[in-house]
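Okay, structure first, notes after.
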Amino acid sequence: MPPAEMPNPPRVLLVEDEDKTRDSIAEGLRLEGWSVAGAASGQEAIALLDKEPFDLMVLDWMLPDRDGIEVLQHVRGRGHPSPVLMLTARSTLNDRVVGLDSGADDYLAKPFAFAELLVNVDVWNKLVPQHQQILISACRDATIHALSYSEAVEGAALERMKKEGVQVHYWPNEFLDAFRKATDEVLAEQSAKD
């Protein structure tokens, strides 16, 4: 289902210090139906991530205060599991390896075509419904109809399940471990079908 047709489109945090580039990408994503929040610095991105969940982060490497790798390491260190797509002018093989090894899930070098960025972002959008099903399966008796990936991994899912009468037998870390394990199993199963 394209984001424009979703009642609550996936939330993207776009971290880019060049105003014109950030505004252009954000406008393009919004026209495609995405909900986009922008940050011009690493510190601003961290502050936004600590306040609210995002389904995806598009992250530039070269930022004025903290570089993208520092932001990525901070984000992963705090347990934010949202997918991260590095979008940067740093394009050598070593740069890609460092970015991915630091916790990025995807890497796109500048200059880029917007269509290519959109395809990469859409791939992560397709994973969101899978994560919803994984969460429901992992909780067995759960009936959760509009649970987003970010809501699940940020802990709000536990409160929501309790409100809906689902018995939860996991502490948060155990819950996330079960969620990640189920994610890997479904993705491996999907890959085998393809």
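The values are calculated or read from the model by the stated rules, or taken from the named source; none is laboratory data. Keep in mind the model is a prediction, meaning the values are calculated, not measured. Every residue, glycine among them, receives a Cβ derived from its backbone with ideal geometry; neighbour counts consider all protein chains shown. Each accessible area value is taken on the protein alone, full model and side chains, heavy atoms only, with ligands, DNA and RNA left out. Shrake-Rupley method; radii C 1.70, N 1.55, O 1.52, S 1.80 Å.
Observations on the model:
- Among residues of the stretch 21-54 being outside any helix (DSSP H, G or I) and among the charged types (D, E, K, R), the one that is most open to solvent (accessible area, probe 1.4 Å) is Glu32.
- Given (1) closer than 17 Å to Lys126 by Cα; (2) without any contact (Cβ under 8 Å) to a residue 60 or more places away in the chain, number of the condition Val58 does not satisfy: (2)
- In the stretch 33-55, the qualifying residues are those that are in contact with a Ser or Thr (Cβ under 6 Å, 6 or more places away or on another chain) and not acidic (Asp, Glu), and the one that is modelled with the lowest pLDDT is Pro53.
- Summed over the stretch 75-98, the residues that are in contact with a Gly (Cβ under 8 Å, 6 or more places away or on another chain) and at pLDDT 90 or above give a count of 4.
- Residue within the stretch 99-106 that is touching a Phe, Trp or Tyr at 6+ places or on another chain (Cβ under 9 Å), in a helix (DSSP H, G or I) and open to solvent by 40 Å² or more (accessible area, probe 1.4 Å) present: yes
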